[in-house]
Amino acid sequence: MLEVRYRTARTLPLGRVEARPAGVAIRPAEAEARFVLRIRSTEGEIAGLPLNRPINTVSGDDRRWIARLGPDEWLIGVPEGEADLLQTSAASDLAGRAHSLVDVSNRNVGIDVEGARADELLNAGCPLDLGEAAFPAGSATRTLLGKAEIVLIRRAGAQPRYRVECWRSFATYVHDFLKEAGLGIGEG
Amino acid sequence: MLLIACPYCGNRPETEFRCGGQAHIARPEQPGALDDQNWSEYLFVRKNPRGVHAERWNHAHGCGRWFNALRDTVTDRFIETYPMGERPRSEQGGATAPAATSDIQSEARA
């Protein structure tokens, strides 16, 4: 039995070049496997990632995370090599419960935005309150950036570290939007 | 910025939402028994009040869920939001009896 199944390496639409306007690092994320899970009840966990966390929070770590986006919707991110593993353990963890687990690895593109003024940069196009009280570390939600829909995740840590997840066809728009927004930080 | 209180996500900016028109419209149980007049009223005729209006809203760019809202069409103030299949709190205990929501198909499904 072949334990490791191979996946075709994906090209990264944004490349790997990091932009650093005003000390905020805008870095296209490496290829990652992502899944959308829909299930009605929040009991149990999937591959060690809990389902019962409050809506609009993320748990896990930077490599393996699960964000609850709605009452019955989760977005899961794992390293690319673990994609098959996650599907296998989901099948056993959720056995007998009606659910849907969709691989959206090729649909989503991640951009990491890090730095002390990252929230200012994001607020150029995101109408959410990203203050410490309203959007603390561990928050995650679907929202808008400019004209594009994104999933915004705030990683753990005192220094603001955000992950912007968008659809692949919006990726160049979102990336350019962030880079351009960085040019305006500290002005006016 | 206008904030709308999603029953699942809390206060969120208006641009994340879409309005779905008048709320609490029950589909007739026997559409075949209706005459054209009543059927077209069910399909097309909506209230357009100047004042408090019950509407369906969708948190399209957020949790994606539908909910109901009472909104004042004059001031654009949201009086309250409540989940699908429920009646507004301000109405409960009032003169209007809450409708049996289970026979409202569109709401039971949500």
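Let me confirm something: among B:5, B:54, B:26, which residue is of a type in the set (Gly, Ala, Ser), more than 21 Å from residue A:141 (Cα to Cα) and not in a loop (DSSP other than H, G, I, E, B)?
Of the residues listed, the single one that is of a type in the set (Gly, Ala, Ser), more than 21 Å from residue A:141 (Cα to Cα) and not in a loop (DSSP other than H, G, I, E, B) is B:54.
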So, in the range A:129-152, of the ones that are within 21 Å of residue A:22 (Cα to Cα) and among the hydrophobic types (A, V, I, L, M, F, W, C), which residue ends up surrounded by the fewest Cβ atoms within 10 Å (Cβ to Cβ)? A:130
Among the residues of the range B:90-99, are any touching a strand residue (DSSP E or B) at 6+ places or on another chain (Cβ under 8 Å) and either within 14 Å of chain A (Cβ to nearest Cβ) or modelled with pLDDT under 95 (or both)? yes
Candidate set: the range B:1-46, residues that are hydroxyl-bearing (Ser, Thr, Tyr) and away from chain A (no Cβ under 14 Å); chosen: the one surrounded by the most Cβ atoms within 10 Å (Cβ to Cβ): B:42
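Surrounded by 14 or more Cβ atoms within 10 Å (Cβ to Cβ), within 14 Å of chain A (Cβ to nearest Cβ), touching a residue at least 12 places away in the same chain (Cβ under 8 Å) and under 15 Å from residue B:80 (Cβ atoms) - does that describe any residue in the range B:47-67?
yes
Could you please give the count of residues in the range A:157-188 that are aliphatic (A, V, I, L, M), exposed (fewer than 15 other Cβ atoms within 10 Å of the Cβ) and either without any contact (Cβ under 8 Å) to a residue 60 or more places away in the chain or closer than 14 Å to residue A:14 by Cβ (or both)? If you could, list the steps in order and put the result at the bottom.
Looking only at the range A:157-188, we keep the residues that are aliphatic (A, V, I, L, M), and these are A:158, A:164, A:171, A:174, A:178, A:181, A:183, A:185.
Filter once more, keeping what is exposed (fewer than 15 other Cβ atoms within 10 Å of the Cβ): A:158, A:183.
Subsequent filtering for residues that are either without any contact (Cβ under 8 Å) to a residue 60 or more places away in the chain or closer than 14 Å to residue A:14 by Cβ (or both) retains A:158.
Count: 1.
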Members of the range A:90-140 that are in contact (Cβ under 8 Å) with a residue 40 or more places away in the chain, over 18 Å from residue A:62 (Cβ atoms) and of a type in the set (S, T, N, Q): A:100, A:106
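Restricting attention to the range A:15-50, report how many residues are assigned to a loop (DSSP other than H, G, I, E, B) and surrounded by fewer than 19 Cβ atoms within 10 Å (Cβ to Cβ).
Going through the range A:15-50 one residue at a time, the tally reaches 14.
Conditions (1) surrounded by 15 or more Cβ atoms within 10 Å (Cβ to Cβ); (2) under 26 Å from residue B:60 (Cβ atoms), marked per residue:
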position	(1), (2)
A:54	no, yes
A:58	yes, yes
A:61	no, no
A:68	yes, yes
A:79	no, no
How many of the residues making up the range A:31-48 are more than 15 Å from the chain's Cα centre (by Cα) and more than 14 Å from chain B (Cβ to nearest Cβ)? 8
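The values are calculated or read from the model by the stated rules, or taken from the named source; none is laboratory data. Here the structure is a predicted model, which means the values were calculated and not measured. Neighbour counts are summed over all protein chains in view; Cβ atoms, including those assigned to glycine, are modelled from backbone coordinates with ideal geometry.
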